[in-house]
Amino acid sequence: MSETIVTPPVTGMPRLGDRAPGFTAKTTQGDISFPADYEGSWVILFSHPADFTPVCTSEFMTFASMQDEFATLNTKLVGLSVDGLYSHIAWLRTIREKITFRDMTDVEVTFPLIEDITMEIARKYGMIMPGEDSTKAVRAVFVIDPHGIIRTIIYYPLSLGRNFDELRRVVIALQTAEAFHVATPADWRPGDPVIVPQPGSCGAAKERMEGQEAGVTCVDWFFCTKEISADEIDAEIRST
Ligand code: BEZ
């Protein structure tokens with residue numbers, strides 16, 4: 001019997017490893033040309049469903065409170081919704097003047113928030129999911145590296161606020177993997193052992209299994225780890 005191969009539909013949505021689709025846009029911080037203006041920095045480009053909504057408000061306050069920490073990771077924040085600029089400005093003013101969430105109060109959002117009333121950018125990035133809502137962007141997160149390459153994509157539905165510890169962990173893990181040429185296992189946190197890549201030859205694998213590679217511990221030929229302290233990681237990827 002012949003096997004049926006199902007080809008997935010081409011959606012045009014960007015994928016991991018793709019160059020971030022380019023656009024120019026008006027934002028609350030002036031016009032931007034993306035990703036060109038961000039060359040040399042990591043970027044978290046994220047969408048939210050609508051201004052003046054509670055989950056989005058809690059997320060913006062949290063993003064704003066973490067902006068300085070993301071800056072130490074050479075990471076800039078850029079928000080987007082399909083609302084217009086005047087709505088964005090009024091909402092951010094309301095957040096600053098009236099909203100307290102957890103211990104955050106008087107929060108000023110100084111990262112750019114893109115107006116996308118035509119939905120052109122949201123469509124380009126696959127932020128509109130008609131099964132969820134055809135007139136709003138879902139909560140999409142694109143982590144883009146300093147060369148403009150998409151390195152992580154996370155989607156959340158309208159009802160679910162993002163986990164900001166996870167967003168921080170993703171940025172740190174991507175940068176750690178790159179700086180130390182390693183991978184990070186399930187639930188990895190800085191200071192936990194990292195995975196070393198499989199060696200290129202059987203001989204090297206055997207030497208590694210026999211404990212001949214300094215600092216590397218193997219539980220099997222394909223599963224070897226080494227220690228990198230949180231301080232070493234900070235020294236490599238963070239600026240103060
Ligand atoms: C909110 O941010 O609260 C929200 C936005 C759109 C739909 C549902 C909730």
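Structure notes:
- Anchor Lys124: lysines whose Cα lies under 23 Å away (excluding residues fewer than 8 positions away in-chain): Lys26, Lys76, Lys136
- Counting other Cβ atoms within 10 Å as a rough exposure proxy, the listed residues Met66, Met119, Met127 run Met119, Met66, Met127 from fewest neighbours to most.
- Loop-located trypsin sites (Lys or Arg not before Pro) in region 162-240 whose Cβ has at most 11 other Cβ within 10 Å (DSSP): none
- The stretch between Arg96 and Tyr155 holds 18.6 nm of extra length on full extension. This uses 0.36 nm per residue minus the Cα-Cα distance.
- Of the beta bridges in region 8-148, as assigned by DSSP with both residues counted there, near 55 percent are antiparallel.
- 222 nm mean residue ellipticity, helices alone, for the chain (DSSP H n ≥ 4; -39,500 (n - 2.57); rounded to 500): -9000 deg cm²/dmol
- Spacing of the two label points (7 Å from each Cα toward its C-beta) at Ala235 and Ser41, in nm: 2.8
- Among the trypsin sites (Lys or Arg not before Pro) found in region 57-134, those both in a DSSP coil and sparsely packed, with 10 or fewer other Cβ atoms within 10 Å of their Cβ, are Arg102.
- Building the convex hull from the alpha-carbon atoms of region 67-149 and averaging its projection over directions returns 6.8 nm².
- Centre-to-centre, using Cα atoms only, region 48-101 and region 125-202 are separated by 20 Å.
- Cβ-defined net charge surrounding Leu85, 13 Å radius [Lys, Arg +1; Asp, Glu -1]: -3
- Taking a point 7 Å from the Cα of Asp103 along the Cα-to-Cβ direction, the residues of region 65-90 with backbone N closer than 15 Å to it are 65-66.
- With neighbours defined as other Cβ atoms within 10 Å of a residue's Cβ, the residues Leu16, Leu73 order from fewest to most as Leu16, Leu73.
- Straight-distance crosslink candidates among lysines, where the alpha carbon sits under 29 Å from Lys226 and sequence neighbours closer than 8 are dropped: Lys206
- Within-11-Å neighbourhood charge of Leu113 [Cβ basis; K, R +1; D, E -1]: -3
- Cysteines without a disulfide-compatible partner [the chain; Cβ-Cβ under 4.7 Å]: Cys56, Cys202
- Calculated on alpha-carbon atoms, Rg and Dmax of the chain in Å: 20.9, 68
- Taking a ≥ b ≥ c as the square roots of the Cα gyration tensor eigenvalues, region 139-240 comes out prolate, since a/c reaches at least 1.5 and a/b is larger than b/c.
- Ordering Trp188, Trp91 from the fewest to the most neighbouring beta carbons within 10 Å gives Trp188, Trp91.
- Simple label model, 7 Å out from Cα along Cβ direction - Ser65 to Phe52, nm: 2.5
Where a number appears in this text, it was derived from the coordinates with a stated rule and is not lab data. No experiment lies behind these values; they were computed from the predicted model shown. Every residue, glycine among them, receives a Cβ derived from its backbone with ideal geometry; neighbour counts consider all protein chains shown.
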